[in-house]
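The values are calculated or read from the model by the stated rules, or taken from the named source; none is laboratory data. Just so it is clear, the structure is predicted and the values come from calculations on it, not from any experiment. Using ideal geometry, Cβ is built from the backbone for each residue, glycine included, and neighbour counts are taken over all protein chains shown. Remember, those area values only see protein heavy atoms, side chains included, never the ligands or the DNA or RNA. Shrake-Rupley method; radii C 1.70, N 1.55, O 1.52, S 1.80 Å.
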Amino acid sequence: LMIKTGSYFIGAPYVAHTLEIQPEQLVINLREFDCTTFAENCLAITRTIKSENPSFEKFCDELKKIRYRNGKIDGYPSRIHYFSDWIYENN
């Protein structure tokens, strides 16, 4: 399912710094990605589809859990910035 989800986005442009908005907030952008946002969105979509109640709200919750420490947005430092941390947190 993850591969199928990722395949859907083939051809989407690579764009850096799409999350750099102040104040820190959940950015949802399925039109353009960097490496990490591509992986985050594909994982969140996959988890949402596999959930008992798939919805946009569920997708947002999954994305927050993936992108932020303990799923809580608490300013810029709460976002997982290093891919090695992202892998550890989302294992």
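Here is how the numbers come out for the structure above:
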quantity: Any hit, region 67-85, residues being aromatic (Phe, Trp, Tyr), under 14 Å from the mean Cα position of the chain (by Cα) and at pLDDT below 95; calculated: yes
quantity: Region 69-91, subset over 14 Å from Thr37 (Cα atoms) and not in a helix (DSSP H, G or I), residue most open to solvent (accessible area, probe 1.4 Å); calculated: Asn91
quantity: Meets criteria (open to solvent by less than 50 Å² (accessible area, probe 1.4 Å), farther than 22 Å from Glu89 by Cβ and without any contact (Cβ under 8 Å) to a residue 60 or more places away in the chain) for Ala12; calculated: yes
quantity: Scan of region 6-18 for residues that are within 13 Å of the chain's Cα centre (by Cα) and outside any loop (DSSP other than H, G, I, E, B), ordered by number; calculated: Gly6
quantity: Set Ile28, Ile21: member being farther than 14 Å from Ile80 by Cα and either assigned to a strand (DSSP E or B) or more than 9 Å from the chain's Cα centre (by Cα) (or both); calculated: Ile21
